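**Q** Below is the structure I would like to discuss, written out as structure tokens.
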Amino acid sequence: MGAGPQDAAYDGAARHLVVANGASADVSVIDLATGTESRRPAGAEPFLAVRSPDGRRVAVVSRRASVGSADRMPASEVTLLDAESGDVAQRFL
């Protein structure tokens, strides 16, 4: 598992556990049947993992914001994972 686990969420069928690893800036996707783990990048300091109501996606929110220029609002990164495969489906800033 990555460093500094912060939060976890099951997929809709409870076959995978997605863990937000704050210190290693990734998520662990754990196959609960085999115990195998794969890791995906997930922005700076991911701290929250939430399953979508339909169970098809898991959203991972990063704590550290990208400040950018003075005229822009700070933005945190959200990584959307496909709950079945554990693959990154989308990233939002």
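The values are calculated or read from the model by the stated rules, or taken from the named source; none is laboratory data. Since this is a predicted model, take the numbers as computed values, not measurements. For neighbour counting, all protein chains shown are included, and Cβ atoms are generated from backbone atoms with ideal geometry for every residue, glycine included. With ligands, DNA and RNA removed, areas are computed over all heavy atoms of the protein, side chains included. Shrake-Rupley method; radii C 1.70, N 1.55, O 1.52, S 1.80 Å.
**Q** From the list Ala33, Ala3, Ala65, which one is modelled with pLDDT of 90 or more and not basic (Lys, Arg)?
**A** Answer to the check: Ala33.
**Q** Yes or no: the range 37-47 includes at least one residue that is over 14 Å from Val78 (Cα atoms) and not small (Gly, Ala, Ser).
**A** The answer is yes; a qualifying residue exists.
**Q** I'm checking my understanding of the structure. Among residues of the range 26-49 that are part of a strand (DSSP E or B) and open to solvent by 70 Å² or more (accessible area, probe 1.4 Å), which one is farthest from Gln90 (Cα to Cα)?
**A** Ranking the candidates gives Glu37 first.
**Q** Among the residues of the range 10-17, is any in a strand (DSSP E or B) and either closer than 17 Å to Arg91 by Cβ or free of Cβ contacts under 8 Å to residues at least 12 places away in the same chain (or both)?
**A** For the range 10-17, residues in a strand (DSSP E or B) and either closer than 17 Å to Arg91 by Cβ or free of Cβ contacts under 8 Å to residues at least 12 places away in the same chain (or both): absent.
**Q** Exactly one of (1) at pLDDT 85 or above; (2) surrounded by fewer than 16 Cβ atoms within 10 Å (Cβ to Cβ) is unmet by Thr79. Its number?
**A** Of the numbered conditions (1) at pLDDT 85 or above; (2) surrounded by fewer than 16 Cβ atoms within 10 Å (Cβ to Cβ), the odd one out for Thr79 is (2).
**Q** Return the pairs, sorted by first residue and then second, in which the second residue is among the acidic types (Asp, Glu) and open to solvent by 20 Å² or more (accessible area, probe 1.4 Å), the first residue lies in the range 18-32 and is without any contact (Cβ under 8 Å) to a residue 60 or more places away in the chain, the beta carbons are less than 6 Å apart, and the residues are 6+ apart or on different chains.
**A** Ala20/Asp7; Gly22/Glu45; Ser28/Glu37; Ile30/Glu37
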